[in-house]
Amino acid sequence: MSGAVLVVEDDRELRELVRRYLERAGHAVRSTGSGAEAIELVTGGGVELVVLDLGLPDVDGREVLAVAREGGREVPVVVLTARSSVDDRIEGLRGGADDYVTKPFSPTELVLRVEAVLHRTRAATGGGAGAVTFGGGRLRLDEARHEAHLDGALLELTPTEWGVLTALAATPGRVYSRYELINQVRGYEFPGYERTIDSHVKNLRRKLGPDAAHLVATVLGVGYRLGWSRDR
Ligand code: CA
């Protein structure tokens, strides 16, 4: 069960830009420039994550943040802020934000942050849907139990290998760059270490057997993608 990413930003151009990038990465997106409407959408359900500008014209962004956190709702929030002082960032994170991005930001970087938070949240909650399968039931990933089965056999994966596999499986077919993968697996930026992903992929493939090169496919000059589609 995955809901939409809600983009709350009163700057229309920026809102549309963020929407476009998120949609291109395969996410369902809703968007609004109004804090009041954001609160309605969050309380209405179906929102899996909020990208939130704190400076809104009608309602203080922190109110939206509080609502996302209310009564065990725990919708993750990535805060957009023009404020760059460390104190403000810390205040934002204390207020319950899962991550923050300081303006001006690169939309690609924002998408990475959003996906890293989604990945962590889904891993922590088991995605709310139990195990998911790929390739007609051949690959089975159970985030809640942290278990991967291939053709019925349990795969003994390191945390990083598990991270790479589940990151790719989040959107089968989509190409993930090494930078994106290291970011998602580690949960933060890891500049200069993108190539370490290659050795993890190599080890992962060894465990995946004869279909490995198709299951975790190399896209030359770009990165990796999951070659099997998710079962319905
Ligand atoms: Ca604003």
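The values are calculated or read from the model by the stated rules, or taken from the named source; none is laboratory data. Computed from a predicted model, the values in this text were never measured in an experiment. Virtual Cβ from ideal backbone geometry, glycine too; neighbours counted across all protein chains shown. In case anyone asks, the SASA skips ligands and DNA or RNA and just uses the protein heavy atoms, side chains included. Shrake-Rupley method; radii C 1.70, N 1.55, O 1.52, S 1.80 Å.
Annotations for the structure displayed:
- Taken together, the residues in the stretch 141-150 that are modelled with pLDDT under 90 and either under 18 Å from residue 214 (Cα atoms) or loosely packed, with under 11 Cβ neighbours inside 10 Å (or both) amount to 1.
- On inspection, residue 138 passes the criterion of being modelled with pLDDT of 90 or more and either within 20 Å of residue 231 (Cβ to Cβ) or surrounded by fewer than 14 Cβ atoms within 10 Å (Cβ to Cβ) (or both).
- Selected residue (criterion: nearest to residue 120 (Cα to Cα)) from residues of the stretch 47-65 that are away from the ligand (no atom under 11 Å from the Cβ) and among the aliphatic types (A, V, I, L, M): 49
- Looking only at residues of the stretch 1-20 that are open to solvent by less than 70 Å² (accessible area, probe 1.4 Å) and touching a helix residue (DSSP H, G or I) at 6+ places or on another chain (Cβ under 8 Å), we find that the one that is nearest to the ligand (Cβ to nearest atom) is 9.
- Residue within the stretch 203-214 that is in contact with a Gly (Cβ under 8 Å, 6 or more places away or on another chain) and buried (at least 20 other Cβ atoms within 10 Å of the Cβ) present: no
- Qualifying residue in the stretch 163-171 (condition: surrounded by fewer than 18 Cβ atoms within 10 Å (Cβ to Cβ) and over 13 Å from residue 208 (Cβ atoms)): yes
- If the condition is being open to solvent by 20 Å² or more (accessible area, probe 1.4 Å) and either within 12 Å of the ligand (Cβ to nearest atom) or on the phi < 0 side of the Ramachandran plot (or both), then the stretch 34-46 contributes 34, 36, 37, 39, 40, 41, 43, 44.
- Qualifying residue in the stretch 170-179 (condition: over 25 Å from residue 100 (Cα atoms) and outside the structural domain of residue 114 (by TED's automatic domain parsing)): yes
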